[in-house]
Amino acid sequence: MTVMLGVDLDGRDVLLVGGGAVAAKRLRRFLAEGARARIVAPVLHGEMARLVEDHGLVWRSRRFRGADLAGAWLVHAATGDPRVDREVAARCERKRILCVNASDGVHGSARLTAQAEVGDVTVAVTSTVGADPRRSVAVRDAIVDLVGEGRLPLRRRRAARSGRVDLVGGGPGPADLMTVRARRLLSEADVIVTDRLGPSAEIVRGLDPDVEVIDVGKHPGRHPVPQEEINRIIVARATEGRRVVRLKGGDPFVFGRGGEEMQACLAAGIPVDVTPGISSAIAVPQSAGIPVTHRGTAAAFHVVNGQGTLGDGTLAALADATVTTVVLMGVAGLDRLVAAALARGVPAGRPMAFVESGHTPQQRTTRTTLGHAVADARAISLRNPAVIVIGEVASARLLLPADDTIGAVLA
Ligand code: SAH
């Protein structure tokens with residue numbers, strides 16, 4: 001039987017017997033854990049010599065002697081000669097020092113695990129029969145993948161000493177357009193603060209019932225929670241030692257007020273990180289077959305909040321036939337935007353598209369032009385959430401074969 005112990009090697013004396021590739025691999029691991037490593041080996045091979053030199057380690061250039069064990073907490077025998085390794089292990093046994101025997105298929109009194117840190121846990125796998133490192137690594141990797149995808153119950157059952165906040169981009173709606181990291185963070189969260197947009201409903205259904213879900217989004221007939229209040233909620237929950245995910249539609253740093261939430265956390269001394277998401281600025285036009293840039297047609301794109309005042313930069317983008325203008329939150333201000341563009345001399349024939357509820361079953365795309373946009377928006381009762389695209393890439397014909405090719409295909 002083996003008891004798996006999480007052994008803290010920091011500052012502890014570890015003796016490595018052997019100077020080859022296996023020893024080097026292990027040495028790297030011990031050094032990463034802060035161990036004080038010493039080496040006994042007649043010669044050091046490539047990597048091992050480099051490590052000893054780089055880290056200024058103590059190396060005795062000779063064969064192992066019993067006296068080398070003095071002071072060691074842990075010994076690693078990998079001389080390449082099973083008899084020597086066994087001898088080292090036997091001497092350790094007498095001195096009650098734990099020893100890893102790296103000879104093929106043999107376990108000493110201690111064994112190394114196939115190990116990885118994922119999120120805030122360490123996964124370690126070992127074999128209860130003879131050593132089988134490749135199997136252990138395969139099992140470890142499979143577990144790491146599951147953890148990474150948020151498919152294991154990683155939520156802490158005990159409050160941590162300190163909480164944290166993750167500002168997580170949820171993408172435009174479907175759960176499978178979230179990042180793998182976002183899924184993992186959600187699986188670890190104690191508190192999830194959601195918005196109306198993004199993949200919240202689908203995600204919330206799969207959660208532990210005791211995860212606290214706080215919906216701060218706008219809903220018909222209800223005022224949205226003011227930003228200061230959202231900042232206060234995430235800071236307060238994290239201060240209680242909880243892991244908070246602030247799940248946002250699209251990307252947290254694209255009109256998501258993620259910057260303000262980050263400032264609030266930093267000001268309160270709360271650890272905070274951002275996980276990017278697929279922004280609707282790119283993904284919603286894409287869902288309608290509109291590339292925001294296209295070789296020979298659009299060399300740049302300009303993303304603007306349609307609720308704000310239209311600055312010179314936006315007017316210049318609208319006027320430039322080689323720039324795509326992508327308007328978020330632009331439904332209410334559409335008339336003003338169109339009037340400003342026409343006043344600036346943008347041709348009335350400039351293609352436009354409205355893409356409503358992109359990447360959802362309710363998605364609807366309407367193609368129009370600057371000159372007809374206002375009337376068409378009224379005719380279809382253009383509704384939020386919608387992305388408005390202005391520029392040649394919005395032309396329905398952009399990605400279709402030219403007329404003569406269609407003729408050629410049909411002929
Ligand atoms: N941080 C988000 C944007 C938030 S602003 C992101 O990076 O995507 C909210 C605006 O995003 C909406 O008014 C709308 O213009 C756009 N939007 C978000 N999701 C959308 C969707 N699925 N379909 C159409 N527009 C969407």
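The values are calculated or read from the model by the stated rules, or taken from the named source; none is laboratory data. Note that the coordinates shown come from a computational prediction; the quantities given were computed from them, not determined experimentally. All Cβ positions, even for glycine, are placed from backbone atoms using ideal geometry, and neighbour counts span all protein chains on display. Just the protein is used for accessible areas: all its heavy atoms, side chains included, with ligands, DNA and RNA removed. Shrake-Rupley method; radii C 1.70, N 1.55, O 1.52, S 1.80 Å.
The rows are residues; the columns are (1) among the charged types (D, E, K, R); (2) exposed (fewer than 15 other Cβ atoms within 10 Å of the Cβ); (3) at pLDDT below 90.
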site: ARG164; (1), (2), (3): yes, no, no
site: ALA182; (1), (2), (3): no, no, no
site: SER187; (1), (2), (3): no, no, yes
site: GLY217; (1), (2), (3): no, no, yes
site: PRO226; (1), (2), (3): no, yes, no
site: ALA236; (1), (2), (3): no, no, no
site: LEU247; (1), (2), (3): no, no, no
site: GLY250; (1), (2), (3): no, no, no
Which numbered condition GLY169 fails, given (1) within 16 Å of the ligand (Cβ to nearest atom); (2) open to solvent by 20 Å² or more (accessible area, probe 1.4 Å): (2)
Check the stretch 376-383 and report whether any residue there is part of a strand (DSSP E or B), within 16 Å of the ligand (Cβ to nearest atom) and at pLDDT 90 or above. no
For GLY358, work out the one condition from (1) closer than 21 Å to SER279 by Cβ; (2) without any contact (Cβ under 8 Å) to a residue 12 or more places away in the chain it doesn't fulfil. (2)
A careful count of residues in the stretch 5-26 that are under 30 Å from the mean Cα position of the chain (by Cα) and either touching a residue at least 40 places away in the same chain (Cβ under 8 Å) or farther than 12 Å from GLU47 by Cα (or both) gives 7
Can you name the residue in the stretch 328-362 that is part of a loop (DSSP other than H, G, I, E, B) and touching a helix residue (DSSP H, G or I) at 6+ places or on another chain (Cβ under 6 Å) and, of all such residues, is nearest to the ligand (Cβ to nearest atom)? GLY358
Here, strands (runs of 3 or more DSSP E) confined to the stretch 221-327 with at least 1 residues that are more than 30 Å from GLY148 (Cβ to Cβ) and within 13 Å of the ligand (Cβ to nearest atom) are 300-305
Among the numbered criteria (1) without any contact (Cβ under 8 Å) to a residue 24 or more places away in the chain; (2) more than 17 Å from the chain's Cα centre (by Cα), which one does ASP176 miss? (2)
Among the numbered criteria (1) assigned to a helix (DSSP H, G or I); (2) more than 36 Å from the chain's Cα centre (by Cα); (3) not aliphatic (A, V, I, L, M), which one does ARG397 miss? (1)
Could you grab me the full set of residues in the stretch 179-214 that are free of Cβ contacts under 8 Å to residues at least 24 places away in the same chain and more than 16 Å from the ligand (Cβ to nearest atom)? VAL204, ARG205, GLY206, LEU207, PRO209, ASP210, VAL213, ILE214
Here are some conditions: (1) buried (at least 21 other Cβ atoms within 10 Å of the Cβ); (2) modelled with pLDDT under 90; (3) not aromatic (Phe, Trp, Tyr). VAL204 meets all but one. Which one does it not meet? (1)
Filtering the stretch 292-322 down to residues that are open to solvent by 20 Å² or more (accessible area, probe 1.4 Å), in contact with a helix residue (DSSP H, G or I) (Cβ under 6 Å, 6 or more places away or on another chain) and within 22 Å of GLY371 (Cα to Cα) yields THR297, HIS302, VAL303, LEU310
When every residue in the stretch 384-393 that is within 14 Å of the ligand (Cβ to nearest atom) and part of a loop (DSSP other than H, G, I, E, B) is compared, the one surrounded by the most Cβ atoms within 10 Å (Cβ to Cβ) is PRO385
Within the bounds of the stretch 82-98, is there any residue that is touching a residue at least 40 places away in the same chain (Cβ under 8 Å) and either of a type in the set (A, V, I, L, M, F, W, C) or open to solvent by 60 Å² or more (accessible area, probe 1.4 Å) (or both)? yes
Right, THR365: within 25 Å of GLY256 (Cβ to Cβ), open to solvent by 50 Å² or more (accessible area, probe 1.4 Å) and at pLDDT below 95 or not? no
Residues located in the stretch 62-81, provided they are touching a residue at least 40 places away in the same chain (Cβ under 8 Å) and open to solvent by 50 Å² or more (accessible area, probe 1.4 Å): GLY71, TRP73, THR79, GLY80
Of (1) out of contact with any strand residue (DSSP E or B) (no Cβ under 6 Å at 6 or more places or on another chain); (2) among the polar types (S, T, N, Q); (3) crowded, with 19+ Cβ neighbours inside 10 Å, THR122 satisfies every one except (3)
Name the pairs: first residue in the stretch 43-61 and at negative phi, second residue open to solvent by 70 Å² or more (accessible area, probe 1.4 Å) and of a type in the set (A, V, I, L, M), Cβ to Cβ under 7 Å, at least 6 apart or on different chains? HIS45/ALA21; GLU47/ALA21
